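For reference, the structure is listed below as structure tokens.
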Amino acid sequence: MIHILLVDDHPSVMEGTKMILEQEGDMKVFLANSAEEVLEMVATQSFHVMLFDFHIADVNGIDLAEQVLRMNEEAIILIYTGFEFNNHFNLMVETGIFGFIPKTTTREQLVTSVRCALRGEVILPFALVKQLRRTMLSETAATEEQTAIQISSNEYEILKQISKGKSNREIAEIVLMGQRSLEYSLTTLFQKLNVKSRMEAVLKAKQLGILKDSDLEA
């Protein structure tokens, strides 16, 4: 028998979810509606899977999961929520939560998610997976572009001085070159970064990681 701990402070949700899962025949659902009750139950009972609502009256599901995982690092925990959860993905992973299930999910999806978690599989809505993929592709493209752009130490120093608002004359004095030579260097730098102005050059260099926040300090 699969023992499931369902944590929620909405009685109708608890009873509805309990009924759906126990219809499977091999699942037994135990209910809790507070952090104190959960910690007491986890200390004395063993559960194969735990479903935590994200917003419980006295705690949020991630904080509660963190407490439970300190007691049992092997615990399989899923966030079962009616709220938008995508922005909490990184924190969820760092905490050790297996994934999350929207409360709008179908009966079949809910049951499948529980069984997948039991097999050690992470549960994520496809919309979030697509969002993560777009983010990864964007970061990869930025890294590749940065690798393709090679700037000299002199050009790096010019960028730093531009970011500090220095004029061409002031920059020429700092990097020890004539103003005409500096203008040639700026033209070459703009071509490398594919920009048309000093401000664009700074923004692009920061975006690519060529300039750090510490470089922008006066």
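A compact table of results
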read-out	value
Residues that are open to solvent by less than 10 Å² (accessible area, probe 1.4 Å) and in a strand (DSSP E or B), drawn from the stretch 1-13	I4, L5, L6, V7
Hey, G16 over 19 Å from C116 (Cβ atoms) and open to solvent by 20 Å² or more (accessible area, probe 1.4 Å) or not	yes
Within the stretch 165-182, tally of residues that are touching an Asp or Glu at 6+ places or on another chain (Cβ under 8 Å) and not polar (S, T, N, Q)	2
Every residue from the stretch 175-184 that is in contact (Cβ under 8 Å) with a residue 12 or more places away in the chain and either within 15 Å of I210 (Cβ to Cβ) or loosely packed, with under 14 Cβ neighbours inside 10 Å (or both)	E183
Where E74 falls short, out of the listed (1) open to solvent by 80 Å² or more (accessible area, probe 1.4 Å); (2) over 15 Å from A117 (Cβ atoms); (3) not in a helix (DSSP H, G or I)	(2)
Index of the failed condition, T44 passing every other in (1) open to solvent by 30 Å² or more (accessible area, probe 1.4 Å); (2) closer than 18 Å to V114 by Cα	(2)
Any hit, the stretch 115-126, residues being over 30 Å from F47 (Cβ atoms) and modelled with pLDDT under 85	no
Selected residue (criterion: farthest from A117 (Cα to Cα)) from residues of the stretch 19-34 that are assigned to a helix (DSSP H, G or I) and open to solvent by 10 Å² or more (accessible area, probe 1.4 Å)	M19
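The values are calculated or read from the model by the stated rules, or taken from the named source; none is laboratory data. Just so it is clear, the model here is predicted, and its values are computed rather than measured. Cβ sites come from the backbone with ideal geometry, for glycine too, and all protein chains shown count toward neighbours. Surface areas here come from the heavy atoms of the whole protein model, side chains and all, with no ligands, DNA or RNA. Shrake-Rupley method; radii C 1.70, N 1.55, O 1.52, S 1.80 Å.
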